[in-house]
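Single-structure report; data block below.
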Amino acid sequence: MLHPEDFMRRALELAERGAGWASPNPMVGAVIVKHNVILSEGWHEEFGGPHAEFMAVQRAGALARNADLYLNLEPCVAAPGKRNPPCADEIIRAGIKRVFVALRDPDPRINGRGIEALRRAGIEVIEGLLEREARKLNEIYLKFKTTGRPFITLKMAMTADGKIATHTGDSRWISSQRSLEFAHELRHRHRAILVGIGTVLADDPQLTTRYFSPHPVGANGRSPLHGTEDEGERSPRNPIRIVLDSHGRIPVDARVVRSSHQIRTILATTDAISLDKERALQHAHVEIWKLPACDGRVDLHALIEKLSQEQIDSVLIEGGAEVSWSFISQRLIDKILLVIAPKIVGGRAAPGPIGGVGFARLSEAISLREITISRLGNDILYEAYVDEESTASS
Ligand code: AOF
Ligand code: ZN
């Protein structure tokens with residue numbers, strides 16, 4: 001005997017298949033159940049594509065009558081600017097009897113209206129089942145919809161003694177293969193990736209998504225009662241690449257520059273960049289964002305404002321230590337992902353993941369909350385959230 005929680009968990013699982021692809025839309029999963037059996041399922045596979053409920057309802061056909069529907073997000077209603085038909089209408093038309101909704105849609109065009117439409121049609125709506133999980137799944141969407149600003153994740157990898165390289169600068173590789181795959185999955189899940197010029201000069205990274213395969217397409221909306229169908233592979237999504245480089249020091253033959261005609265690449269800089277460099281980079285298809293300076297560096301608040309205007313809902317920061325300090329000390333990070341490898345390198349001069357001058361007092365420390373610990377092979381993944389305004393209180 002399965003319980004409502006089991007079906008909602010399944011909806012969350014299905015929703016997650018759209019990770020990376022659905023953005024800037026939410027990830028949504030739908031499960032239709034009758035007599036404790038799943039009749040059909042659906043999920044929002046990609047931005048612009050059909051909605052989860054639509055897929056599930058279509059698939060169930062006449063069987064949907066008097067069935068229960070599980071959704072991790074409130075169904076949508078008709079609204080200006082929307083591409084898809086309103087899901088609430090589809091649900092009503094299908095004759096669904098009861099709907100479990102984990103979370104209301106913060107989109108002001110929808111917020112509460114989807115649930116109201118169902119109730120007006122005589123459908124029983126039960127809200128809040130696995131709401132915490134539903135919030136976490138769509139944390140990027142929720143932040144972006146409610147504040148208009150991108151969700152910012154800081155990802156770091158260090159040894160058990162807190163170093164990101166040896167004292168000679170050797171940093172390849174600190175963490176395991178499993179952690180590398182996780183790092184690439186993060187690239188797929190974020191709209192943009194950001195590094196400092198120091199990282200480009202030291203490592204000449206590509207910042208593309210290579211070691212991760214997203215969930216295949218093709219079986220969406222199929223009923224488990226109808227057996228399996230062929231599923232198509234799809235390649236992961238590359239994030240938009242952003243290099244923070246206030247003085248325009250990036251070499252024109254850097255790998256990110258050379259591939260910028262294929263993958264959108266942005267140089268976040270200031271007036272300090274030379275005209276020649278600017279022209280050469282533009283010629284190579286690098287997008288130049290000339291932003292106000294703050295103490296000789298790109299003003300991060302201005303950068304975030306620009307990211308918001310560009311509808312970039314999420315940014316993954318992958319280093320280096322100076323950039324990490326700039327973001328963390330200005331309290332611009334939402335989430336921290338720290339990979340801890342079972343290695344010790346020692347060395348007074350070996351760097352840690354966060355540089356800068358650092359705080360003088362412990363009372364100034366950034367406080368972390370909602371800490372989760374899991375494993376990535378032999379590495380440990382330490383996950384935490386940062387309060388934007390707060391500092392540690394003792
Ligand atoms: C749902 N089910 O699977 C998703 C929803 O432009 P449209 O028509 O695709 O609508 C996008 C909006 O619909 C988006 O901002 C969010 O409010 C909602 N997303 N709603 O009922 C889904 N992806
Ligand atoms: Zn919809």
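The values are calculated or read from the model by the stated rules, or taken from the named source; none is laboratory data. Keep in mind that this is a model prediction, so the values were computed, not measured. Heads up, the Cβs are rebuilt from the backbone with ideal geometry, glycines too, and the neighbour counts pull from every protein chain shown. SASA here: full protein model, heavy atoms, side chains in, ligands and nucleic acids out. Shrake-Rupley method; radii C 1.70, N 1.55, O 1.52, S 1.80 Å.
Kindly indicate whether Lys306 is touching a Leu at 6+ places or on another chain (Cβ under 8 Å) and of a type in the set (Lys, Arg).
Criteria met by Lys306.
Could you please find all residues in segment 73-108 being aliphatic (A, V, I, L, M), near ligand 1 (Cβ under 10 Å from one of its atoms) and more than 26 Å from the chain's Cα centre (by Cα)?
Ala78, Ala88, Ile91
Identify the single condition in (1) open to solvent by less than 20 Å² (accessible area, probe 1.4 Å); (2) assigned to a loop (DSSP other than H, G, I, E, B) that Phe47 does not satisfy, given that it satisfies every other one.
For Phe47, the exception is condition (1).
When segment 167-207 is examined, which residues are found to be more than 24 Å from the chain's Cα centre (by Cα) and crowded, with 17+ Cβ neighbours inside 10 Å?
Answer for segment 167-207, where residues must be more than 24 Å from the chain's Cα centre (by Cα) and crowded, with 17+ Cβ neighbours inside 10 Å: Ser171, Gly198.
Please verify whether Ala67 is closer than 25 Å to Thr147 by Cβ and either out of contact with any Lys or Arg (no Cβ under 9 Å at 6 or more places or on another chain) or not assigned by TED's automatic domain parsing to the domain that holds Ser314 (or both), treating the condition exactly as stated.
no
Taking the condition under 30 Å from Ala349 (Cβ atoms) and modelled with pLDDT under 95, does Arg172 pass? Can you show your working first?
Working: under 30 Å from Ala349 (Cβ atoms): yes; modelled with pLDDT under 95: yes.
So Arg172 passes the test.
Please go through segment 11-27 and give me each residue that is surrounded by fewer than 19 Cβ atoms within 10 Å (Cβ to Cβ) and under 12 Å from Leu71 (Cα atoms), ordered by number.
Glu13
Do the conditions hold for Leu73, that is, is it open to solvent by less than 10 Å² (accessible area, probe 1.4 Å), at pLDDT 95 or above, in a loop (DSSP other than H, G, I, E, B) and not small (Gly, Ala, Ser)?
Working: open to solvent by less than 10 Å² (accessible area, probe 1.4 Å): yes; at pLDDT 95 or above: yes; in a loop (DSSP other than H, G, I, E, B): yes; not small (Gly, Ala, Ser): yes.
It is true that Leu73 is open to solvent by less than 10 Å² (accessible area, probe 1.4 Å), at pLDDT 95 or above, in a loop (DSSP other than H, G, I, E, B) and not small (Gly, Ala, Ser).
Go through segment 61-72 and count every residue that is over 22 Å from the mean Cα position of the chain (by Cα) and in contact (Cβ under 8 Å) with a residue 24 or more places away in the chain. Before the answer, list the steps.
Here is the first cut: in segment 61-72, the ones over 22 Å from the mean Cα position of the chain (by Cα) are 61-70.
From what is left, the residues that are in contact (Cβ under 8 Å) with a residue 24 or more places away in the chain are 63-70.
The number of residues fulfilling the criteria is 8.
Kindly provide the set of residues from segment 3-44 that are under 19 Å from the mean Cα position of the chain (by Cα), part of a loop (DSSP other than H, G, I, E, B) and away from ligand 1 (no atom under 12 Å from the Cβ), ordered by number.
Result: Ala19, Gly20.
Just to be sure I understand the filter: pairs with C-beta atoms under 7 Å, separated by 6 or more residues or on different chains, first member in segment 41-58 and assigned by TED's automatic domain parsing to the domain that holds Ile96 and β-branched (Val, Ile, Thr), second member near ligand 2 (Cβ under 9 Å from one of its atoms) and modelled with pLDDT of 95 or more. Which pairs pass?
From segment 41-58, the pairs are Val57/Glu90.
One line per residue, one yes/no per condition, for (1) more than 28 Å from His3 (Cα to Cα); (2) away from ligand 2 (no atom under 13 Å from the Cβ):
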| position | (1), (2) |
| --- | --- |
| Trp21 | yes, yes |
| Pro24 | yes, yes |
| Val28 | no, no |
| Ala60 | no, yes |
| Arg65 | no, yes |
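Restrict the check to segment 51-68 and report whether at least one residue is open to solvent by 10 Å² or more (accessible area, probe 1.4 Å), farther than 13 Å from Ile96 by Cβ, assigned to a loop (DSSP other than H, G, I, E, B) and at pLDDT 95 or above.
Yes; the residues of segment 51-68 include at least one that is open to solvent by 10 Å² or more (accessible area, probe 1.4 Å), farther than 13 Å from Ile96 by Cβ, assigned to a loop (DSSP other than H, G, I, E, B) and at pLDDT 95 or above.
Kindly evaluate Glu318 against the criterion of being under 18 Å from the mean Cα position of the chain (by Cα) and free of Cβ contacts under 8 Å to residues at least 24 places away in the same chain.
In short, no.
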